[in-house]
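Taking it in order: structure first as structure tokens, then the write-up.
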Amino acid sequence: MAQQTATAAPLTVVLVHGAYADASSWNGVIERLQAAGLRVTAPANPLRGISIDSAYTASFLKQIPGPVLAVGHSYGGAVISNAATGAPNVVGLVFVAAFAPDEGENLGEVENGSKDSVLGTALVPLRYPIGDGTQTAVEFAIDPAKFHDAFAADLPAGQAALMAATQRPAAELAFTEPSGPPAWKHLPSWTVLATGDKAAGTDVIRSQAERAGATITEAHGSHVIMVSQPGTVADVIMTAAAAVHLPAGDGAS
């Protein structure tokens, strides 16, 4: 198992949000990790496509001094899988209701095979300018009327409505662009599996977690399990952090 080299630098937990969300979705988890004394940061995920978002995130990760535990939610799992391959200071991965695609896979095709996901019927297409602004590309948002059932069924309706109003659309490229070489092939990984996930699909996440050899923790909840059960998610992250962050002078193979 790949582990970090000996270092005295503190571990940083980097939380990468997914599509139709923003970094505030990690707030409850951040509070618990900070209370436990961990360094935490939650950057904005551009949501413009696998290659764009992974390059941005890889650059962000490389600029952090010391080892990093990369955590991704939903589409953010695909981003950290790609970004960590090019970021040598990443020592472990945590997938929170998150995709862990293999090289050459795209999320749209993966989702088409899910029996649990209903997200495809909840999306609405939008357009945004690209290049010099004379052309447009497609992005998707979740229909606010369907947000609660498809994305956040275990949250109060009012909280889900607030998340629907502040959601960030994701570019079509996020779901059609092939994924690159995945870091889970050489890094230890953990997965929080939401058993009521109707967005990514519990079946898809379970299959990908098992393929990656991840340590799986099941939790009864929706796709936004980090919002509805931040304590469970924080506990898994702290377990992973303890496993990968070696004290100075302790090498590992």
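P(r) for the stretch 76-138, from all Cα pairs and a bin width of 10 Å, is 16, 33, 33, 18, 0 %, short bins first. Over the chain, what percent of the accessible surface lies on carbon and sulfur atoms, probe 1.4 Å? Answer for the chain is 55 percent, counting heavy atoms of protein chains only.
Applying the criteria of a DSSP loop state and at most 10 other Cβ atoms within 10 Å to the trypsin sites (Lys or Arg not before Pro) of the stretch 63-159 yields Lys115. Taking 7 Å steps out from each Cα toward its Cβ at Thr41 and Ser59 produces label points 1.4 nm apart.
Kirkwood hydrodynamic radius (Cα pairs, Å) of the stretch 178-238? Averaging 1/r across every pair of different Cα atoms and inverting gives 12.1 Å. Ignoring lysines fewer than eight residues from Lys146 along the same chain, the ones with Cα atoms less than 19 angstrom from its Cα are Lys115, Lys198. Taken per residue, the accessible surface of the chain reaches 40 Å², heavy atoms only and a 1.4 Å probe. The equivalent ellipsoid of the stretch 125-253 has semi-axes of 31, 22, 14 Å, largest first, where each one is the square root of 5 times an eigenvalue of the Cα gyration tensor.
Centre-to-centre, using Cα atoms only, the stretch 177-196 and the stretch 69-145 are separated by 12 Å.
Estimated from the Cβ-Cβ distance and a Förster radius of 30 angstrom, the FRET efficiency linking Glu210 and Ser51 is about 0.70. Structure remark: mean-square fluctuation, Gaussian network model of the chain, C-alpha springs under 10 Å; the largest value among Leu173, Leu126, Leu33 belongs to Leu126.
Computed as a quarter of the hull surface, the mean projected area of the alpha carbon convex hull for the chain stands at 12.6 nm². Mark the label point 7 Å from the Cα of Lys146 along Cα→Cβ and return the residues of the stretch 108-127 whose backbone N is within less than 11 Å of it. Counting backbone N atoms under 11 Å from the label point, the list is 118-125. Solvent-accessible surface of protein heavy atoms, probed at 1.4 angstrom with all chains present, puts Ile205, Ile130 in the order Ile130, Ile205, largest first.
When the P(r) is computed for the stretch 162-210, the part past 17 Å accounts for 59% of the Cα-Cα pairs.
The values are calculated or read from the model by the stated rules, or taken from the named source; none is laboratory data. Values in this document were obtained by computation on a predicted structure and should not be read as measured data. Methodologically, a virtual Cβ is constructed for each residue, glycine included, from the backbone with ideal geometry; neighbour enumeration extends over all protein chains shown. These area figures cover heavy atoms from the full protein model, side chains too; ligands, DNA and RNA do not enter into them. Shrake-Rupley method; radii C 1.70, N 1.55, O 1.52, S 1.80 Å.
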